[in-house]
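Student: One structure follows; several queries about it will come next.
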Amino acid sequence: MTSGKKSILKPTRREVLKITGAAALSAPFVSRAWAQTTEINMLAWYGHGEPDVVGEFEAANNVKFKPKYYAGGDNMLALIAQSPPGTYDLILSDGEFVQQLNAAGYIEEMNAADYPFDDMLHPDFQKFPGHWKDDKLYSMILRGGHLGVSYNKNSVTAEEATSYECFWKPELKGKVGHFDWHLPSLGMMSLYNGNGAKLFDIDEAAWGKVKETTLSLRPQVGGFFDYGGTFNSLKNGEMQAMCGIGDWITGVLERDGAPVASVIPKEGGIQFTESYSIGKGSDKADMVKKFIQYMMSPDGQVKSAQMKAYPGFCVTKAGRAKLQEVDKKEAERSGQVEGHPNDPIALINEGRIHYRDIPKQQSLEDWNDFWSEYKNA
Amino acid sequence: MAQVGHIDDGSLSPRRLDPYALTWRLPIIAWQVLFFVGPLLFMVAMSFFLVKNYVMQETFVFDNWAKMFSRNYFRDSYVYTLFLATLSTFVVSVLAFPASFALAFKVSDSTWRWALFLLIIPFFTSYLVRIFSWYVILAESGVINAMLSIIGLGPYTMLNTMFGTIVGYMTLTLPLVVVLQTFSLANIDRNLVQAAHNLGCSPWRTVYTVIVPLAKTGLIVAALFCFILSFGDFVSPYYLGGSKPPTLPILIIDTTKSGQQWPRAAVVAVVMMATLITIAFAAITLAYRKRTSR
């Protein structure tokens, strides 16, 4: 004991030389490793910069992602607007906000030839709205998810869930939750009113009716939740149905065995689309391009579909095939199998899915104002 | 308290500038100016700015004030927040008093030390974690309803209700209020309590006519802390109250999320600050009024 203490406190000359030598010899390797690690600043929804998605790419390419997570397109635009050009190398954005990113000059033009456009599962994904301008590509669609009726199977039957009407079911009084964002919830109310493909492009009369319908749902509403709250309230059964979400939340709970599901009702559903763009002024554009190519590869698409934070469906044929090969259970659960009644691509083909957008005839502020009024009603 | 009286004493001659005293006072003054007065002034200024294309522009216009004051939801949120904070203050103060009374008058020093330790322990963990732990207890499938079901009651909805919000507020404020009340009660001159007994005052009357008036300052300060913390809390009304309806702190979050309207959120914040400052001054005046007149 005593001798041990002595050796630590008073190392011999030989020990000092040994330690110094080891430090001197290892220093170049350490500094070289540090020097070669490329840091990529990513702006994304939560989960996209986590090891389950980027870990393999980081290890293979000696890069390190530094994610900055946001919640909502407004928040994303503000973060970019308030940062110097070149702050973010990689931007993951909701599809409907790409146009605004491009209009503000926040993203670089991309070369379409670098990405697998000939392998897309749906023709819409090749020229996705807002992703191209003057035939130039500015954003690469990565994945999507569908929003519809999310419910607890113990209190809502599969048949009832085929219409948004189930939210008004008397037994669900105080048990219907809202994801606290106006765009998906009011979009669903617009669909319920029969606005179909024009759900976000409605005139004042139709907007008035959407507000009326939404207010009529208020007595049923048990709360307004963020991601964590939505997740918890469905998990512990506090909320039996949820408006404004889809498989991106119930899918995670389903994986854990909770009796919840999401379906696209007869009035139609809404698609959220997530796309990658290269930040304007990024000096790591080549590495970012390589990463986007990786995420569009079959392996990357599988990583995206299996993302722990929230699932999304593959957009490439090769990605879907690979998912079916390596994770048949998840492919089945998420309907990413040909002939499945909830196959997201089949739903788009049937015209039951509408891409999420921003209001066309009202301002975002109008919709948000009403949302605040609704929460206070 | 006695020191406050001395400072107010007009008979004292004006002091000279004492560099030694100033050295000790300067850090707290600098701190307050840098981290309270400065940001507060900036927040007031920000309420006159405009946001265009998600970028704040330094202007001096009243648009944000006009916008927020013309919205019914702002008024509704204000009234609801005021009501919730008042209710929380009343419930917490009433519930805390018996515990504080027992700790100040009935228990041994050793028990008091343990109680103080146990009251401080909750602050070792994150408030957010403590709030999320209530999910397990208050949920319809939670601990309380499971126990009630044994005697054939329930299930009752407690989460996403006003009750849930008040439970959250109590989680935040009750330990603090008990500590403040106990310190206040413990400082009461026991001879005065004994004198009341000797003069035939009943125990209840002693509490209301002797103990409460003597501890008034501490009790009001404790209630004030409870009000301030409840009024400004975002976590409980959001996670236990289901944001239904939203309180002012939730409205601030909503406003900043939508279009990054920080100037409009600043309007809400300034109104909140003005309310709190008014109530704090009123409470302090009430707390010291009688004592000063004696």
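Student: Work out how far the C-alpha atoms of the protein assembly as shown reach from end to end along every principal axis, then list the three figures in whole Å, largest first.
Tutor: 96, 83, 60
Student: If amide hydrogens are placed 1.01 Å from N in the peptide plane, which non-local residues have theirs closer than 5 Å to the one on A:R143?
Tutor: Those qualifying (amide H under 5 Å, at least 5 residues apart or on another chain) are A:E274.
Student: At 1.4 Å probe size, put A:E165, A:E212, A:E39 in order of accessible surface, largest to smallest.
Tutor: Order by accessible area, largest first: A:E212, A:E165, A:E39.
Student: Can you pull the semi-axes for chain A, root of five times each eigenvalue of the Cα gyration tensor, sorted largest first, whole Å?
Tutor: 43, 25, 21
Student: Same structure again: For the pairs A:K127/A:K153; A:K290/A:K317; A:K153/A:K303; A:K64/A:K153; A:K68/A:K290; A:K127/A:K290, note any where the Cα-Cα span goes beyond 31 Å.
Tutor: A:K127/A:K153; A:K64/A:K153
Student: Now a separate question. Just how much of B:F83 is accessible, in Å², when a 1.4 Å probe is used and the result is rounded to the nearest 10?
Tutor: Probe radius 1.4 Å; accessible area of B:F83 about 100 Å².
Student: Oh, and also: Binning at 10 Å from 0, report for the range B:23-168 what percent of all alpha-carbon pair distances ends up in each bin.
Tutor: Histogram of Cα-Cα distances, whole percents per bin: 8, 17, 24, 28, 15, 7, 1.
Student: If you plug each phi of the range A:240-254 into the Karplus form 6.51 cos²θ - 1.76 cosθ + 1.60 with θ = phi - 60°, what whole-Hz ³J(HN,Hα) values come out, in order, with x for Gly and Pro?
Tutor: So the Karplus estimates, Gly and Pro as x, are 9, 8, 9, 9, x, 10, x, 5, 5, 9, 5, x, 5, 5, 4 Hz.
Student: Restricting to the protein assembly as shown, compute how many DSSP beta bridges are antiparallel as a %, nearest 5.
Tutor: 60 percent
Student: Hey, another quick one. What aspartates and glutamates could a cross-link reach from B:K257, if we take a straight Cα to Cα line under 15 Å and drop same-chain neighbours fewer than 8 places away?
Tutor: A:D74, A:D180, A:D226, A:E365, A:D366, A:D369
Student: Based solely on its DSSP helices, what 222 nm [θ] is calculated for chain B when runs of n ≥ 4 H residues each add -39,500 (n - 2.57) and the sum is averaged over all residues, nearest 500 deg cm²/dmol?
Tutor: Value at 222 nm, helices only: -21500 deg cm²/dmol.
Student: Next question. What value, in deg cm²/dmol to 500, does the helix sum -39500 (n - 2.57) over DSSP H runs of n ≥ 4 give at 222 nm once divided by the residues of chain A?
Tutor: Helix contribution divided over all residues of chain A: -12500 deg cm²/dmol.
Student: For the range B:144-161, in order, what is each residue's ³J(HN,Hα) by Karplus, 6.51 cos²θ - 1.76 cosθ + 1.60 with θ = phi - 60°, in whole Hz (x at glycine and Pro)?
Tutor: Couplings: 4, 5, 5, 5, 5, 5, 5, 9, x, 10, x, x, 10, 8, 10, 6, 6, 10 Hz.
Student: With a cut-off of 8 Å between alpha carbons and a minimum separation of six or more residues, what is the relative contact order of chain A in percent?
Tutor: 22 percent
Student: Also, quick follow-up: Determine the order of A:D118, A:D74 by accessible area, beginning with the largest, at a probe radius of 1.4 Å.
Tutor: So the residues, ranked largest to smallest area, are A:D118, A:D74.
Student: Residue by residue through the range A:165-175, which ³J(HN,Hα) values in whole Hz follow from phi under the Karplus form 6.51 cos²θ - 1.76 cosθ + 1.60 (θ = phi - 60°), with glycine and proline marked x?
Tutor: Result, ordered by residue: 4, 4, 4, 8, 4, x, 5, 9, 4, x, 10 Hz.
Student: Another question, if that's okay. Residues of the range B:222-254 losing 20 Å² or more of accessible area relative to the isolated chain, 1.4 Å probe, heavy atoms only?
Tutor: B:Y238, B:Y239, B:G242, B:S243, B:K244, B:P245, B:P246, B:D254
Student: On a 1.4 Å probe surface of the protein chains, which of A:Y151, B:Y127 comes out largest in accessible area, and what is the full order?
Tutor: B:Y127, A:Y151
Student: Any lysines with Cα under 17 Å of the A:K211 Cα? List them, leaving off those in the same chain fewer than 8 positions away.
Tutor: A:K211 reaches A:K198, A:K360, A:K375.
Student: Compute the angle between helix A:317-326 and the longest alpha-carbon principal axis of chain A, please, reported from 0 to 90 degrees and rounded to the nearest 10.
Tutor: 70 degrees
Student: Here is a further query. May I ask for the percentage of alpha-carbon pairs in the range B:65-293 that lie more than 32 Å from each other?
Tutor: I get 32 percent for the Cα pairs in the range B:65-293 exceeding 32 Å.
Student: Among the lysines, which fall within straight-line cross-link reach of B:K106, defined as a Cα-Cα distance under 23 Å, with same-chain neighbours fewer than 8 residues apart omitted?
Tutor: B:K216
Student: What does the accessible area per residue of the range A:146-297 come to in Å², with a 1.4 Å probe and no ligands, DNA or RNA counted?
Tutor: 33 Å²
Student: How many square angstrom of accessible surface are buried between A and B, both sides summed, with a 1.4 Å probe and rounding to 100?
Tutor: Buried area (both sides, nearest 100 Å²): 2600 Å².
Student: Pairs of alpha-carbon atoms within less than 8 angstrom and 6+ residues apart define the contacts here; what relative contact order does the range B:65-293 have, in percent?
Tutor: It comes to 28 percent, rounded to a whole number.
The values are calculated or read from the model by the stated rules, or taken from the named source; none is laboratory data. Every value quoted in this text rests on a predicted model; they were computed, and no experiment measured them. Keep in mind that these areas ignore ligands, DNA and RNA; they rest on the heavy atoms of the full protein, side chains included. Shrake-Rupley method; radii C 1.70, N 1.55, O 1.52, S 1.80 Å.
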